[in-house]
Amino acid sequence: MKITVLGCSGSVPGPGLPTSGYLVEADGLRLVVELGGGTFRNLQRHCSPFDLDALLLSHLHLDHCADFAALTTFRRHHPRPPYDPRERRLPVHAPAGAPERLAHAHAASREDPESLEDVFDFLPLRPGAFRLGPCTVEVAPMRHICEAYGFRIECGGRSLVFSGDTAVCPELVELARGADVLLADTAWVDRGSRPDNLHMSGREAAGVAVEAGVGRLLLTHVLPWSDRDAVLADAASVFPDRSSLVELDGVYDV
């Protein structure tokens, strides 16, 4: 299994850096987790969007799903698709309100936008597990300011956990228990007051990694105005030698 970073800026894009998006490949499966602003451009540098097998959206904040509108236009209007997107709809695993929310975002000028289910098959997330090709995906609720989920993707004896956006919570620790890689929301340094149930600091994410016994911690979703070096230093002080910041276009083995 490998992860290619399509974007990793937290909340808003940074200079030359899109928001959240990750291409996960495992045993021939191509899966995109999150599709934030600017990520669709980068996705096309790594594979054809028609080659995707599924899309996972942890929650519906725009920094995690803004480029869904671009994907919709691509699937509906590409003049030479390799197959009929209306006969082979792309599975989208997302919170229950996704079809309506994403339709309104795609057609913001219309009060009653048309359904997107001509080219997408929306599957509402709920706690539990489901099969996705050769992989098992476990879903757990996270602690954020809206409905949000974390994912554990297992394939060939390897495991990747993606926190989505969350504060520290027992659900994340259990989801990450014994995982090979934890890809974790680490928006800021561990100093000063912060809103509840929003994001983790580097130190907090590292604490989850230690408690859950993960093999490696990848830090992502750092805010553009946060000090990246300080976020990493906070994490490394708790989880030394196994914490690193992801980079745009970085490829990480699981």
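The values are calculated or read from the model by the stated rules, or taken from the named source; none is laboratory data. Keep in mind that what you see is a predicted model, and the values were worked out from it rather than measured. Don't worry about glycine lacking a Cβ; one is built from the backbone with ideal geometry, like all the others, and counts go over all protein chains shown. Accessible surface is based on the protein model in full, side chains and every heavy atom, while ligands, DNA and RNA are left aside. Shrake-Rupley method; radii C 1.70, N 1.55, O 1.52, S 1.80 Å.
Only one residue in LEU23, LEU31, LEU71 is part of a helix (DSSP H, G or I) and of a type in the set (A, V, I, L, M). Which one? Write out each step before concluding.
Values: LEU23 fails: part of a helix (DSSP H, G or I); LEU31 fails: part of a helix (DSSP H, G or I).
From the options LEU23, LEU31, LEU71, the qualifying one is LEU71.
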Within segment 103-119, does at least one residue satisfy the condition of being at pLDDT 95 or above and open to solvent by 70 Å² or more (accessible area, probe 1.4 Å)?
yes
In segment 174-197, which residues are over 16 Å from VAL231 (Cα atoms) and open to solvent by 10 Å² or more (accessible area, probe 1.4 Å)?
GLU174, ARG177, GLY178, ASP180, PRO195, ASP196, ASN197
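Among the residues of segment 15-24, which ones are farther than 21 Å from TYR149 by Cβ, surrounded by fewer than 24 Cβ atoms within 10 Å (Cβ to Cβ) and at pLDDT 95 or above?
Start the filter on segment 15-24 by keeping residues that are farther than 21 Å from TYR149 by Cβ, which leaves 15-18.
Now drop any that are not surrounded by fewer than 24 Cβ atoms within 10 Å (Cβ to Cβ), which leaves 15-17.
Within segment 15-24, just LEU17 meets the criteria.
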So GLU154 passes all but one of these: (1) over 25 Å from HIS61 (Cα atoms); (2) in contact with an Asp or Glu (Cβ under 9 Å, 6 or more places away or on another chain); (3) open to solvent by 20 Å² or more (accessible area, probe 1.4 Å); (4) part of a helix (DSSP H, G or I). Which condition number does it fail?
(4)
Residue list for segment 140-171, restricted to those being in contact (Cβ under 8 Å) with a residue 40 or more places away in the chain and among the aliphatic types (A, V, I, L, M):
MET142, ILE145, ALA148, ILE153, LEU160, VAL161, VAL168
Go through segment 46-65 residue by residue and tally those that are touching a strand residue (DSSP E or B) at 6+ places or on another chain (Cβ under 7 Å), assigned to a loop (DSSP other than H, G, I, E, B) and open to solvent by 40 Å² or more (accessible area, probe 1.4 Å).
1
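Restricting attention to segment 221-254, which residues are over 15 Å from VAL189 (Cβ atoms) and not in a loop (DSSP other than H, G, I, E, B)?
Correct list: SER244, VAL251, TYR252, ASP253.
Residues in segment 212-219: is at least one open to solvent by 10 Å² or more (accessible area, probe 1.4 Å), of a type in the set (Lys, Arg), assigned to a helix (DSSP H, G or I) and within 23 Å of LEU6 (Cβ to Cβ)?
Filtering segment 212-219 for residues open to solvent by 10 Å² or more (accessible area, probe 1.4 Å) gives 213, 215-216.
Those left that are additionally of a type in the set (Lys, Arg): 216.
In the following step, the residues that additionally are assigned to a helix (DSSP H, G or I) were identified as none.
Among the residues of segment 212-219, not one is open to solvent by 10 Å² or more (accessible area, probe 1.4 Å), of a type in the set (Lys, Arg), assigned to a helix (DSSP H, G or I) and within 23 Å of LEU6 (Cβ to Cβ), which makes the answer no.
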How many residues does segment 226-242 contain that are surrounded by 14 or more Cβ atoms within 10 Å (Cβ to Cβ) and in contact with a helix residue (DSSP H, G or I) (Cβ under 8 Å, 6 or more places away or on another chain)?
10
Taking the condition more than 27 Å from LYS2 (Cα to Cα) and charged (D, E, K, R), does ASP84 pass?
yes
With the first residue restricted to segment 230-254 and required to be in contact (Cβ under 8 Å) with a residue 12 or more places away in the chain and farther than 22 Å from SER159 by Cα, and the second required to be assigned to a loop (DSSP other than H, G, I, E, B) and among the hydroxyl-bearing types (Ser, Thr, Tyr), Cβ contacts under 7 Å at 6 or more apart or on different chains are VAL231/THR186
Return the total of residues in segment 73-102 being more than 20 Å from LEU29 (Cβ to Cβ) and open to solvent by 90 Å² or more (accessible area, probe 1.4 Å).
7
Which listed residue, of ALA140, ALA129, is open to solvent by 50 Å² or more (accessible area, probe 1.4 Å), among the hydrophobic types (A, V, I, L, M, F, W, C) and modelled with pLDDT of 95 or more
ALA129
Residue check, ARG203 open to solvent by 50 Å² or more (accessible area, probe 1.4 Å) and part of a loop (DSSP other than H, G, I, E, B):
no
